[in-house]
Amino acid sequence: MQITSRDFKRVASRKLADPKLQKALGNAKGKLVVTRARSILELDNYEEIREASARVRDFGLQNMDVLLEEWERRAVAAGTIVHWVESGREVNAKVIEIARRHNVRKIIKSKSMLGEETNLNHELEAAGLDVRETDLGEYIIQQSGETPSHIIAPAVHKSRDDVADLFAEKHQRRRLTDIAALTHEAREILRPHFLDADMGISGANFLVAETGSTMIVTNEGNGRMTTTMPRVHVAITGVEKIIPTLEDVSMILRLLTRSATGQSISNYLSFTTGPKRPDDKDGPGEFHVIIVDAGRTKVLASDMREALRCIRCGACMNHCPVYQNIGGHAYGWVYPGPIGSILTPSYVGLENAIDLPNAATLCNQCGVVCPVKIPLPDLMRKLREKQVERGLRPWGERVGLRLWAWAAARPRIYSLLTRIGARIGRLAGGRAGLLHKLPPGGSGWTTGRDFPAPKGKTFRELYARERAGKRSGPQ
Amino acid sequence: MKVGLFVTCLVDLMRPNIGFAALRLLEAAGCDVVVPATQTCCGQPGYNSGDRIAAQALARKVVDEFDACEYIVVPSGSCSGMIRAHYPELFAELPEYRARAEAVAARTYELTDFLQNMVRLERVPGKFSGSVTYHDSCSGLREMGVKSQPRALLSKIPGLTIKEMQQPEQCCGFGGTFAVKYGDISSRIADLKCEDVQAAGADALVLGDLGCMLNIEGRLRRRNDNTPVLHVAEVLAGELPQD
Amino acid sequence: MSARENILGRIRAANGKTGAASAAEREAVAARLRTHARGPLPSMDWDPLPRFKERCIVMMSTVDQVASRSDLPAAIARYLTSNRLPLGGVCWPEFADLDWGGAGLDIAARPATGRDMVGVTGSFCAIAENGTLMLLSGEDTHATTSLLPETHIAVVPASRVVRSMEDGWDLLRREREGLPRQVNFVSGPSRTADIEMTLVMGVHGPFRVHVVVVN
């Protein structure tokens, strides 16, 4: 996907003023937050499972190389063709190479966020291949030429009317308005492609080292189709998806589906181990897995490492007050919300995503719901520290903070400055005790709010006076 | 109990009566209170902006001022959180201060948590007749475990009833410098909090943090909403501001 | 140095490990895989069969129960008729011996194509925790039968209802040599909420799943 994170502020402002998007976001927030909370109550030992899941993910990161080798040995024994690829561009090249070798013309795709990172669809189409997204949300945005605005519900920003218009135009049919009817029309349109596609491309939610399997978590059935119907199946996956055992996956899945959509379980959990077996009547003749670095080993070596625990549930963004109000597009890349604020600068460069770690209140609504306990606000703060170290902050801000620290470290100077400030502020606030406009530097506050005025005297001066009064005794 | 009171920079500059309210409450609780005269700021603005040097300068000063105190009490979830939850990490590269900082952190309490759980205050001096709705500050709630304590203390005031808003734990949008750097997003988040406050229909909004207070009050007033916004200390101590 | 070596090398360096993995390191990981210990499970103090049926319904499947295998055609015919569904389709070979014709149904024992409207499968086992069918791909357990038709009918012997996915894996380990090409855990009809967060059943997979438990 093209990186537009530098436009964060501008896009965010536009999104705040977009009534249709605001309605869609409000609708999504209401549903996702409530259903997650309700489903978590089904687990009487939620925090225990959560802690264990974080530990499994850490074990996976700490032993990633040996686990991947264990996975590979078993995958290859089952007939899987395994490729290792270092960069996003090479992922695309490898997929195209496999497609060419198999005379592939039509490809069906089940969701892959890694594929978004590498711009896979765009490259496949440029290579003359016919690529169909099959996840309904991804299909919708593919048709409308947009990028996903959420990692689980990519078309969450679109209203039913948007989809109705889109389908009427693209399917060349009568415009429908009923959501079920629209969904079933998409089913009808995509069904023939499932049946005659040459190649299926999927992501992988997890790799299971114990069995050499890849697994995907889906609800629609497109994942099963993509991994079963075509004669070639290619799964692309980041190195960090490796999990030790089937038991570990089963445990983490209890949290993944609840954290993502409030479901106790997702409709389909599909574990694939190798291509069609000799006696199978269905399945692809060849199964390829492309293991991808694309910046992950660099993050693993950095102090952003815990972000690699992420199991892509989307709970952090669903609970983030910033994301809840601006949606995903402002973040400018594949992953929005809190996890996006950490992964985007880590993968595309700190200087290309300066706003992301700063556009947060550090409220930790995200960290509290993260099923693998990623310390999201702490990582955002660390990125802010790196920005300061690299001189990426505006000079006014850097000078202001140092002046504040200088003054506040000197109680007498601070006392004088605050006494003056309190008096000026009180005067400026007038009878109502409100400032309607703050000077430059503070105008971001007063465009939308008043600023309550100080009361005119500082606590320290009043307290000192009170103490002096006490010492000198009653008059 | 020997208590050091850290009033916070915002209370000092903007709402001194809250500092006095905290002082009165602690005295009413039988504490022996000192108020280090040179106190200024805990260093959070620098810390959250990524300037560790600036933050450490002020944090060292706080440790020097307060480490003789048996307890450090703060009428703020965010500043007490800064000390307790973040000072140990902030001093990671200053080993000579680290042990002292950890000790200070371990003895730092948010005001209502201290009064309810350490002092077990039975009676509060304040008087209030009417309903209030309570906003949980993010750091108070998620860093300092403040949730039931202010409500329990407020409930000790006869005539005061609590009407919960729909989402008391939802962030108000302040976030320190976030409020000016991303003012439009911040205002929108604040606006949703104000709608929630309005829908609760209480006589006043009560909370435990100045940042939230200024932010929510500022947005309420821009919405022509005159709902009083009060710090829990001033309600409990009966030290409501005289204007 | 191949991409594989580069990547594995960077991973080791990132984890502060020098040189190749030692035998001890490999054995520690291998032991963990061999042991495949369970993590903490939520309480499951319910009876599996009632729980399974209840959760099937929560996941929007329908549930029926028959006394014996030979009752299946009639029970399935009743289900299809009362829901005004087509009376023909395909089944897994294990059901070829049943008297479908006698119940007025035209069921062929072959994999499903895009034209088949009803698919009858068995299951490796069923998982009570969430009302889930555990289906293994194989020569006689065609993957398409539970996927392509609009109606999926799944036969579950009552003795094959286990409590959790972990129990399902243990059963698989006991009865089979390794995993088949694909293991699918199916919990109800296909669904999506991608348009305005509104739940719709019947997306790319079946519109409906009917589970028949056999005593």
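The values are calculated or read from the model by the stated rules, or taken from the named source; none is laboratory data. No experiment lies behind these values; they were computed from the predicted model shown. Glycine gets a Cβ as well: all are built from the backbone with ideal geometry, and neighbour counts include every protein chain shown.
In a loop (DSSP other than H, G, I, E, B), more than 9 Å from chain A (Cβ to nearest Cβ) and within 22 Å of B:LEU111 (Cβ to Cβ) - does that describe any residue in the range B:169-185? Before you say what the answer is, go through the steps one by one.
Restricting attention to the range B:169-185, the residues satisfying the condition of being in a loop (DSSP other than H, G, I, E, B) are B:169-177, B:182.
Remaining after also requiring more than 9 Å from chain A (Cβ to nearest Cβ): none.
Checking the range B:169-185: not a single residue is in a loop (DSSP other than H, G, I, E, B), more than 9 Å from chain A (Cβ to nearest Cβ) and within 22 Å of B:LEU111 (Cβ to Cβ).
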(message) Residue under question is C:GLY9, and the condition is that it be modelled with pLDDT of 95 or more, within 30 Å of A:VAL66 (Cα to Cα) and not assigned by TED's automatic domain parsing to the domain that holds C:PHE185; does it hold?
(response) yes
(request) Quick one: in the range C:178-215, of everything that is within 7 Å of chain A (Cβ to nearest Cβ) and polar (S, T, N, Q), which residue is nearest to C:GLY114 (Cα to Cα)? (result) C:SER190
(request) Mind telling me which of the residues C:ALA128, C:ALA158, C:ALA154 ends up being touching a residue at least 40 places away in the same chain (Cβ under 8 Å), under 17 Å from C:SER61 (Cβ atoms) and touching a Pro at 6+ places or on another chain (Cβ under 6 Å)? (result) C:ALA128
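Wholly within the range A:103-174, which helices (runs of 4 or more DSSP H) include no fewer than the required count, namely at least 3 residues that are away from every other protein chain (no Cβ under 14 Å), more than 17 Å from the chain's Cα centre (by Cα) and modelled with pLDDT of 95 or more?
Working: elements: A:113-118, A:120-126, A:136-144, A:160-171.
In the range A:103-174, A:120-126 are the helices (runs of 4 or more DSSP H) which contain 3 or more residues that are away from every other protein chain (no Cβ under 14 Å), more than 17 Å from the chain's Cα centre (by Cα) and modelled with pLDDT of 95 or more.
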(request) Quickly run through the range C:161-177 and pick out the residues that are more than 7 Å from chain A (Cβ to nearest Cβ) and farther than 27 Å from C:ARG69 by Cα. (result) C:GLU177
(request) Go over the candidates C:LEU33, C:LEU8 one by one and state the one that is within 8 Å of chain A (Cβ to nearest Cβ) and touching a strand residue (DSSP E or B) at 6+ places or on another chain (Cβ under 9 Å). (result) C:LEU8
(request) Select from the range A:419-442 the residues that are charged (D, E, K, R) and out of contact with any Lys or Arg (no Cβ under 7 Å at 6 or more places or on another chain) and list them in ascending order. (result) A:ARG419, A:ARG423, A:ARG431, A:LYS437
(request) Considering only the range C:37-59, state which residues are at the interface with another protein chain (Cβ under 7 Å from one of its Cβ atoms) and not hydroxyl-bearing (Ser, Thr, Tyr). (result) C:ALA37, C:ARG38, C:GLY39, C:PRO40, C:PRO42
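Filter the range B:213-239 down to residues that are touching an Asp or Glu at 6+ places or on another chain (Cβ under 9 Å) and touching a residue at least 40 places away in the same chain (Cβ under 8 Å) and give me whichever is nearest to B:CYS138 (Cα to Cα). Talk me through it step by step, then tell me what you get.
Initially, the range B:213-239 is screened for residues touching an Asp or Glu at 6+ places or on another chain (Cβ under 9 Å), giving B:217-223, B:227-229, B:231, B:233.
Keeping just the survivors that are touching a residue at least 40 places away in the same chain (Cβ under 8 Å) gives B:231, B:233.
Numbers: B:HIS231: 15, B:ALA233: 18 Å.
Filtering first and then ranking leaves B:HIS231.
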(request) State all residues of the range B:138-165 that are of a type in the set (Ser, Thr, Tyr) and in a helix (DSSP H, G or I); if no residue qualifies, say none. (result) B:SER139, B:SER148
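Of all residues being of a type in the set (S, T, N, Q) and more than 36 Å from the chain's Cα centre (by Cα) in the range A:414-453, which is nearest to the other protein chains (Cβ to nearest Cβ)? Just the residue, please.
Across the range A:414-453, the extreme among qualifying residues is A:THR418.
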(message) Residues that are more than 7 Å from chain A (Cβ to nearest Cβ) and in contact with a Pro (Cβ under 7 Å, 6 or more places away or on another chain): does the range B:210-226 have at least one?
(response) no
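Looking at B:ALA105, B:ALA92, B:ALA99, can you tell me which residue is farther than 22 Å from A:ARG381 by Cα and in the same structural domain as B:PHE20 (by TED's automatic domain parsing)?
Numbers: B:ALA105 fails: farther than 22 Å from A:ARG381 by Cα; B:ALA92 fails: farther than 22 Å from A:ARG381 by Cα.
Exactly one of B:ALA105, B:ALA92, B:ALA99 is farther than 22 Å from A:ARG381 by Cα and in the same structural domain as B:PHE20 (by TED's automatic domain parsing), namely B:ALA99.
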(request) Mind listing whichever residues of the range A:348-362 are under 11 Å from A:PHE8 (Cα atoms), surrounded by fewer than 24 Cβ atoms within 10 Å (Cβ to Cβ) and away from every other protein chain (no Cβ under 14 Å)? (result) A:ASN352
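Residues are listed down the side, and each one gets a yes or a no for (1) touching a helix residue (DSSP H, G or I) at 6+ places or on another chain (Cβ under 9 Å); (2) within 9 Å of chain A (Cβ to nearest Cβ); (3) without any contact (Cβ under 8 Å) to a residue 24 or more places away in the chain; (4) of a type in the set (D, E, K, R):
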{"residue": "B:CYS9", "(1), (2), (3), (4)": "yes, yes, no, no"}
{"residue": "B:PRO16", "(1), (2), (3), (4)": "yes, yes, yes, no"}
{"residue": "B:ALA22", "(1), (2), (3), (4)": "yes, no, no, no"}
{"residue": "B:LEU26", "(1), (2), (3), (4)": "yes, no, no, no"}
{"residue": "B:ALA29", "(1), (2), (3), (4)": "yes, no, no, no"}
{"residue": "B:VAL35", "(1), (2), (3), (4)": "yes, yes, no, no"}
(request) Read through the list (1) out of contact with any Pro (no Cβ under 7 Å at 6 or more places or on another chain); (2) not in a loop (DSSP other than H, G, I, E, B), then give the number of the only condition that A:THR211 fails. (result) (2)
(message) Looking for something over 27 Å from A:PRO377 (Cα atoms) and either touching a residue at least 60 places away in the same chain (Cβ under 8 Å) or not hydroxyl-bearing (Ser, Thr, Tyr) (or both) - is there at least one such residue anywhere in the range B:172-187?
(response) no
(request) Starting from residues that are outside any helix (DSSP H, G or I) and of a type in the set (Ser, Thr, Tyr), keep the ones in the range C:26-63 and report whichever is surrounded by the most Cβ atoms within 10 Å (Cβ to Cβ). (result) C:SER61
(request) Count, please, the residues in the range C:93-115 that happen to be touching a helix residue (DSSP H, G or I) at 6+ places or on another chain (Cβ under 6 Å) and under 20 Å from A:MET229 (Cα atoms). (result) 4
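Looking for something touching a residue at least 60 places away in the same chain (Cβ under 8 Å) and part of a strand (DSSP E or B) - is there at least one such residue anywhere in the range B:189-200? Please lay out each step first, then the result.
Initial filter on the range B:189-200 (touching a residue at least 60 places away in the same chain (Cβ under 8 Å)): B:197, B:200.
Subsequent filtering for residues that are part of a strand (DSSP E or B) retains none.
No, every residue in the range B:189-200 fails to be touching a residue at least 60 places away in the same chain (Cβ under 8 Å) and part of a strand (DSSP E or B).
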